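Just so you know, all these numbers are worked out from the coordinates, no wet-lab data involved. Every value quoted in this text rests on a predicted model; they were computed, and no experiment measured them. With ideal geometry, Cβ positions are generated from the backbone for all residues, glycine too; neighbour counts draw on all protein chains shown.
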Ligand code: AMP
Ligand code: ZN
């Protein structure tokens, strides 16, 4: 594998060659969810992106260390320094403890990650790192912070070039971080929020600045440093983090690590995924009702169709969500799964043939054939193109077309083609070769459907019999009845691999 990996660095706004800080290793930190509620599908785009980046790093041969933190304290209801803690607010609304709320939504998040085939990263929880956060804050307090009654604040004028990542200029004034009485600059941010006298928070700790809770930005600096070591290779998050959260993390890293000369920020590359947009406004948690992965599943979609939909777009482009796009992704995924499963069957029959005629060793080596051992020149060229596409700032859209090319390739040996598809799928994470992702699993089946699948199949059998008997009146009647129940019969369209679908 010789194509250098090139990635867009938000710091320089340029595509740069990835050069690992430690030979052969890639250390990646991804800002994780605030577990006060379910994640919406926009949030999940951020983790599909981070996982795809991680998979590509592994594909390129790097030993990957990936951390996605869990924010279970400290994130306020806006990026402001004033207001309620999201966790505390959700807990009091639900009449539960903030700890229970965090545990519930963390488990739900992890379940979504699994459904999206995100490989297991490390998931440190902010509340497990509070002593380290206090130590960190103490170490930078004298040079970089000041105290107010409401807590300890970071003075952004004490580090070079605050806001470089956001391309924000400190002299332009700042409306994005709400003013807190007494702050020297609106850009300054809370490191520690002291609980006001007479109040008690569910999540609070003793500190040199009084009982209280850490500011949100602190946790990511502390956990990334503790788990990956500074400087590490790549820090990721959604594009909104480029504006406030990551500039604040960088300021803290500069203060703590003494990066007050030069352009060291704690991570070599800062990467951001663009937003998933939903014109119907269902992507904002503040609106109360928002689209979750489960809502897609309830409408009958497979979670991996959502992953494929994300991969069809470049991570730096906005992606508009629509049910039509999702349906198109599911149809595409289904074709890919069928192609992979047909290929697997070919390989299996070949293996049985080998087992009958040869020894077990031969069988194993057939199955273990990896892309590196490919002999067919056409396949080798496609693998190279695939690697080039992903090395070009993760061009997953082109990479997908190359998987399809291998699935449809005539003349190459099935074992080699299957090995290539497996290897490509490791990088894209669509689970193509997994028997659980079958054609049937990819049929659209909303949980709200009025007819069960066996009922639909039984009606279709009756209809088939009517057609054989040339009783077209009955056949049409059944078709109309099914249509009234939202089931579209798919006959007459050979490009469709299923007999029926439920209309969205
Ligand atoms: P939060 O729990 O609000 O911190 O968000 C978790 C992650 O989702 C962060 O990386 C956000 O930047 C990202 N994010 C939030 N909304 C969207 C969206 N609509 N599309 C893509 N990423 C998003
Ligand atoms: Zn973060």
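Structure values in brief
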| quantity | calculated |
| --- | --- |
| Residues 44, 336, sorted so that the one with the fewest Cβ neighbours within 10 Å comes first | 336, 44 |
| Extension gain, residue 261 back to residue 405 (0.36 nm per residue minus Cα-Cα distance, nm) | 46.8 nm |
| Cα-projected label distance for residue 395 with residue 346, points at 7 Å along beta-carbon direction, nm | 2.7 |
| Efficiency of FRET between residue 143 and residue 240 - r from beta-carbon atoms, R0 35 angstrom, step 0.05 | 0.75 |
| Gain upon complete extension [residue 332, residue 100; 0.36 nm per residue less C-alpha separation] | 79.5 nm |
| Ranked packing of 246-259, 375-388, 58-71, most packed first, by mean Cβ within 10 Å | 246-259, 58-71, 375-388 |
| Ranking of 158, 3 by count of other Cβ atoms within 10 Å, fewest first | 3, 158 |
| Per-pair calculated FRET efficiency, R0 = 60 Å: residue 322 and residue 468 via Cβ, rounded to 0.05 | 0.90 |
| Sequence of 403, 337 once ranked by neighbouring C-beta atoms within 10 Å, starting from the fewest | 403, 337 |
| Cβ-Cβ FRET estimate between residue 185 and residue 380, R0 fixed at 56 Å, reported to 0.05 | 0.45 |
